[in-house]
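Worksheet for the structure shown next.
The values are calculated or read from the model by the stated rules, or taken from the named source; none is laboratory data. None of the values given here were measured: they were computed from a predicted structure. As a convention, Cβ positions derive from the backbone with ideal geometry for all residues, glycine included, and neighbour counts pool all protein chains shown.
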């Protein structure tokens, strides 16, 4: 049985991408906001809900950027859909994972430039170092990144 998740790439107008830090197995891992798809929920609805829970932001979900699958003896069959998101309301603030109660793993929320992301030791997915920038239109200093149609 497959279990599904979502992650959302949320750029700002300053050439940065929003990441959250989660503490797992004794290390801090930076990743895009997202989480599990709940029973009866679409990927799009899960993306909107997860971003609101973790960041306080209201987003519209754009196109699917990547669909990543994993089949593992220890972790089972899992997939994650990576969407492009656009902020339409709210203010960025560190949220919570309601299903975790007092055992929260979220520790920080921050925008990063391409150069800053390149220096992050624990990053998920690694595609954020290079591949994602091919998908975006962001003005960052002298660089312009474009969203592919």
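For residue 41, are the conditions met, namely being in contact with a helix residue (DSSP H, G or I) (Cβ under 9 Å, 6 or more places away or on another chain), surrounded by fewer than 20 Cβ atoms within 10 Å (Cβ to Cβ), in contact (Cβ under 8 Å) with a residue 40 or more places away in the chain and not in a strand (DSSP E or B)?
So residue 41 does not fit the description; no.
Among the listed residues 69, 50, 73, identify the single one that is surrounded by 12 or more Cβ atoms within 10 Å (Cβ to Cβ) and free of Cβ contacts under 8 Å to residues at least 60 places away in the same chain.
Criteria check complete, one pass: 50.
Being crowded, with 21+ Cβ neighbours inside 10 Å and either under 20 Å from residue 116 (Cα atoms) or modelled with pLDDT of 95 or more (or both) narrows it down to one residue among 29, 9; which is it?
Of 29, 9, the one residue that is crowded, with 21+ Cβ neighbours inside 10 Å and either under 20 Å from residue 116 (Cα atoms) or modelled with pLDDT of 95 or more (or both) is 9.
Go through (1) assigned to a strand (DSSP E or B); (2) touching a helix residue (DSSP H, G or I) at 6+ places or on another chain (Cβ under 7 Å); (3) without any contact (Cβ under 8 Å) to a residue 12 or more places away in the chain for residue 85 and report which single condition fails.
Failing condition for residue 85: (3).
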